Amino acid sequence: MRRAYNSKFGPWPLRLIETLGAIAFALAMVGGIAKAATRLVPQDELKRVGLTRAWFGQVQLDRARHRLDRAMLQGDRLTVLTSAGVVQDFNALTGAVYWTAPIGNDTYPSLGPACNDKYVAVMNGSTLYILDRTDGRPVNIRRTGSAPGSGPVLSEKYVFVPQVNGRIEGYSITDNKKLTPWYYQSSGRTMVTPLATPQSVVWTTETGNLYVGNSEEPGMRFRMETKSEILAPPSYRKPLIFVASAAGEVFALQEMTGVRQWKYATGFPVSRSVAAVGDRAFVTSEEPAMHCIDIKTGAALWQAPHVMQFAAASKTRVYGVDDLGGLVVLDAEKGSIVGRIATDHPIHSLVNDQTDRVYLISRDGMVECLRETDSKEPLYHNPKETEKDKKADKDKKADATPPAPPKAAAEKPKSVKSDKDAAEQGDDKPVEKKPDQPAGNFGVKDAENPFGN
């Protein structure tokens, strides 16, 4: 085999070109790492406000073509989805990558992810992918009935996909034999991601309606009209469901009955979900301003102007992003500004109503986790429900069900005579025979036609 080389200059220039190419590639890689480092918040700035960096990581994506679309925090797992349909699962406490799974066609729009303890659900085009939370392998792939309006949500046994036509389709997660889904039909298009709780599935439509149905078996519970468009996904803090409208009103409803606990008016449109932490609810309006509300009474506790996004909360502090793209630190009791971090690029934060960690996320895939200096272990605002608590909820639900009326004492049945016995004994009245029911008669009279025609 002949060696390829330039006959005029010999083989050495080609080797030199290869060497220079390798050096250029290495410099590009180092430059990319250095560029990533400059996008991090400086440690000196963090230390000034009592914070430190717990970890940082880079999502696997081609920054020239794709971007980070959405991140989902569930327990101690942080799951992200890129515009190329790549799902990546992080340890939310250490930043370790559990797995990376490309799904579907990278040219199709992807929606999600939705997560529970065992599975991750993602839409790619009109195809639903359900992945094993352990290793990212697909356990179920199926086409949905129509074009999805937003990302799916997961309950313990079912995945719910909102359709553009207002239908919510429910599919069994693991039972592939159930090909036909059960569904809820609502008025208006469903373009906002629904909410799934252990007992309910909650969704909204562009007509301003909020619907609540059972999440484990078909059955509607109630509907509420807000009389304004709903742009933000509903949120949950047991036993209340929170929903905010474009008219600036925030509603708190009892999950099981639909009774309105309170209503709060911000005065400006709300396009972000309510974050319920402990005994307080945080909502940001387009003013912009952050409102802190008493979760039991709906009373205003304080208001912080120029804060446009809630980030996280600890025992004594509340973190958010202001209208200039800086990270602000607020006093949890009064709402006054304790500190602020400004960077050369706008800061985007994940809304974390579960722990006291602050997650900063950029569109090019940089993820940064911040914590308070003296908070080595995370503070969980909504501890996971134990089996004992679940049993107590079932007992309360059973106690709330009215007891069935007592049955009357059984009477001794009378003897029935046959036609032959009646004729032999010479009874005065022969036994009457019931007329035969015509075909199609379902046991009702014409005036009681169940079809109304």
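The values are calculated or read from the model by the stated rules, or taken from the named source; none is laboratory data. Remember, predicted model here, so these are calculated numbers, not experimental data. Neighbour counts run over all protein chains shown; Cβ positions are idealised from the backbone, glycine included.
When only residues in region 281-292 that are out of contact with any His (no Cβ under 8 Å at 6 or more places or on another chain) and not small (Gly, Ala, Ser) count, which is surrounded by the fewest Cβ atoms within 10 Å (Cβ to Cβ)? Lay out the reasoning, then the answer.
Looking only at region 281-292, we keep the residues that are out of contact with any His (no Cβ under 8 Å at 6 or more places or on another chain), and these are 281, 286-287, 290-292.
Subset that is not small (Gly, Ala, Ser): 286-287, 290-292.
Numbers: Glu286: 16, Glu287: 19, Met290: 27, His291: 27, Cys292: 23.
Among those that are out of contact with any His (no Cβ under 8 Å at 6 or more places or on another chain) and not small (Gly, Ala, Ser), it is Glu286.
Among the residues of region 72-98, how many are buried (at least 22 other Cβ atoms within 10 Å of the Cβ) and of a type in the set (Gly, Ala, Ser)?
Residues that pass the stated criteria total 2.
Looking at (1) surrounded by fewer than 20 Cβ atoms within 10 Å (Cβ to Cβ); (2) under 26 Å from the mean Cα position of the chain (by Cα), which is the only condition Ser336 fails?
Status for Ser336: all satisfied but (2).
What are the residues in region 116-133 that are within 14 Å of Asp106 (Cβ to Cβ) and of a type in the set (D, E, K, R), if any?
Result: no residue meets the conditions.
Pairs, please: C-beta under 8 Å, at least 6 apart or cross-chain, first residue within 22 Å of Asp356 (Cα to Cα) and in region 51-79, second of a type in the set (Phe, Trp, Tyr) and at pLDDT 95 or above?
Partner pairs satisfying both residue conditions: Gly57/Phe90; Ala71/Tyr359; Leu73/Tyr359; Arg77/Phe90; Arg77/Tyr98; Leu78/Phe90; Leu78/Tyr359; Thr79/Phe90.
Could you tell me how many of the residues in region 128-181 are free of Cβ contacts under 8 Å to residues at least 40 places away in the same chain, of a type in the set (Asp, Glu) and loosely packed, with under 15 Cβ neighbours inside 10 Å?
Keep residues of region 128-181 that are free of Cβ contacts under 8 Å to residues at least 40 places away in the same chain, which gives 129, 132, 134-135, 137-148, 161, 163-167, 169, 172, 174-181.
Going one step further and asking which of them are of a type in the set (Asp, Glu), we end up with 132, 135, 169, 175.
Right, trim to loosely packed, with under 15 Cβ neighbours inside 10 Å and you get 135, 175.
Number of matching residues: 2.
Conditions (1) of a type outside the set (Ser, Thr, Tyr); (2) modelled with pLDDT under 95, marked per residue:
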{"position": "Leu40", "(1), (2)": "yes, yes"}
{"position": "Thr52", "(1), (2)": "no, no"}
{"position": "Phe56", "(1), (2)": "yes, no"}
{"position": "Leu81", "(1), (2)": "yes, no"}
{"position": "Thr94", "(1), (2)": "no, no"}
{"position": "Ser110", "(1), (2)": "no, no"}
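Among the residues of region 220-241, what is the count of those that are part of a loop (DSSP other than H, G, I, E, B), under 18 Å from Val259 (Cβ atoms) and touching a strand residue (DSSP E or B) at 6+ places or on another chain (Cβ under 8 Å)?
3
Out of Val201, Val192, which single residue is closer than 22 Å to Met72 by Cβ, in contact with a Leu (Cβ under 8 Å, 6 or more places away or on another chain), in a strand (DSSP E or B) and not charged (D, E, K, R)? Can you show your working first?
Details: Val192 fails: in a strand (DSSP E or B).
Step by step, each of Val201, Val192 is checked, and only Val201 is closer than 22 Å to Met72 by Cβ, in contact with a Leu (Cβ under 8 Å, 6 or more places away or on another chain), in a strand (DSSP E or B) and not charged (D, E, K, R).
Quick test of your reading of the structure: Gly278 fulfils all but one of (1) under 22 Å from Thr355 (Cα atoms); (2) surrounded by fewer than 16 Cβ atoms within 10 Å (Cβ to Cβ); (3) at pLDDT 95 or above. Name the failing condition by number.
Against the list (1) under 22 Å from Thr355 (Cα atoms); (2) surrounded by fewer than 16 Cβ atoms within 10 Å (Cβ to Cβ); (3) at pLDDT 95 or above, Gly278 comes up short only on (3).
Return the only residue of Pro218, Pro194 being of a type outside the set (A, V, I, L, M, F, W, C), at pLDDT below 95, farther than 29 Å from His306 by Cβ and touching a Phe, Trp or Tyr at 6+ places or on another chain (Cβ under 9 Å). Walk me through how you get there before you give the answer.
Working: Pro194 fails: at pLDDT below 95.
None of the other options fit; the residue is Pro218.
Looking at (1) within 20 Å of the chain's Cα centre (by Cα); (2) assigned to a loop (DSSP other than H, G, I, E, B); (3) within 20 Å of Gly149 (Cβ to Cβ), which is the one condition that is false for Tyr211?
(2)
Within region 308-322, identify whether any single residue is under 25 Å from Asp69 (Cα atoms) and either modelled with pLDDT under 95 or over 24 Å from the mean Cα position of the chain (by Cα) (or both), and answer yes or no.
Looking through region 308-322, at least one residue is under 25 Å from Asp69 (Cα atoms) and either modelled with pLDDT under 95 or over 24 Å from the mean Cα position of the chain (by Cα) (or both).
Per-residue answers, yes or no, for (1) at pLDDT below 95; (2) touching a Pro at 6+ places or on another chain (Cβ under 6 Å); (3) not acidic (Asp, Glu):
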site: Val122; (1), (2), (3): no, yes, yes
site: Arg142; (1), (2), (3): yes, no, yes
site: Gly151; (1), (2), (3): no, no, yes
site: Lys177; (1), (2), (3): yes, no, yes
